[in-house]
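Comments concern the structure below.
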Amino acid sequence: MFNQKELLKKLDRTSQNISIRRDSNFDFNKDDAAFIIIEGSLLAYNEKNLTQTFSVGDPIGFAEVIAAREKNLRFKLLTDLKLKRFDGTDIRKNANAADVVSRTIIKYSISRIFDFKNRSTSTIFEDIFLEKNFKSLRRSTHEEDGLIFRINDTADSMYFLERGKVGLYSENNKKVAELKSGECFGEAALLHNRRRNYSAIAQTRTNLVVIERALLKKELTKDPPVVRLSVILLLKRLELTNKMNWADDFKK
């Protein structure tokens, strides 16, 4: 939907290019800043010492600076790195001023990254966006065990879970998430222009609001490039966090 490289070009004047040698002791957590890997890779460690490789295009610190949270990930450089550095204050200011759809995706992405208990969308999303677009939004109903989409399906829409429960399943049929009323799903594949990574199956009788690609793009384009970039990068970070956590589930 949005090309990350093109967004970075538009933000060239508000970011810094940084080169880091593999044998340096660069501290990613020192300053109020966030980074994108332009060249190279590193290994990230969480508080449980679970690891995940971050490589070209992956974000470092965006979720933490937007949420104003302490940076707890530790990093080991696997190669020399080239990075784009962004000021944390500027990212936060733009994220907090974002229009309703971008702000909603940012909010629930951060809630899932940090495993907050309340992961539903804001009432602003329901009262403003859904109400304003009521006539143009399609509804769909799925009975228990009904398939909403499957792995490798083309992504042409995201979904708002109006009523019911939805399970997301990996390729080996492992449930990776259970979503409840008030949550959204399906936006990551849509924004990254790729096929579905998971299958979505109704756990109970479920009512969904379907938000088509064209409408989502129209809403996200209302915000400046730094907000669109933040939305894309938070969804990337969520996927990296999920992969890291699956390693813990596998050990159990």
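The values are calculated or read from the model by the stated rules, or taken from the named source; none is laboratory data. Remember, predicted model here, so these are calculated numbers, not experimental data. Cβ: placed from backbone, ideal geometry, glycine included. Neighbour counts: every protein chain shown.
For the reader, a short list of remarks on this structure follows.
- Per the conditions (1) modelled with pLDDT of 95 or more; (2) not acidic (Asp, Glu); (3) not assigned by TED's automatic domain parsing to the domain that holds ASN133, the sole criterion not satisfied by TRP246 is (1).
- Residue in the stretch 112-127 that is part of a strand (DSSP E or B), assigned by TED's automatic domain parsing to the domain that holds HIS192, in contact (Cβ under 8 Å) with a residue 12 or more places away in the chain and within 18 Å of VAL209 (Cβ to Cβ) present: no
- So SER24, is it assigned to a helix (DSSP H, G or I) and small (Gly, Ala, Ser): no
- Residue list for the stretch 189-232, filter: touching a Gly at 6+ places or on another chain (Cβ under 8 Å) and not hydrophobic (A, V, I, L, M, F, W, C): ARG196, GLN203, THR204, ARG205, THR206, ASN207
- Conditions (1) in contact with a His (Cβ under 9 Å, 6 or more places away or on another chain); (2) in a helix (DSSP H, G or I); number of the one not met by MET1: (2)
- Scanning the stretch 50-60 turns up at least one residue that is of a type in the set (Gly, Ala, Ser) and either in a strand (DSSP E or B) or touching a helix residue (DSSP H, G or I) at 6+ places or on another chain (Cβ under 7 Å) (or both).
- Total residues in the stretch 139-181, condition of a type in the set (Gly, Ala, Ser), over 17 Å from the mean Cα position of the chain (by Cα) and more than 23 Å from ALA214 (Cβ to Cβ): 5
- Checking every residue in the stretch 63-79 against the condition of being surrounded by 13 or more Cβ atoms within 10 Å (Cβ to Cβ), touching a residue at least 60 places away in the same chain (Cβ under 8 Å) and not hydrophobic (A, V, I, L, M, F, W, C) gives zero matches.
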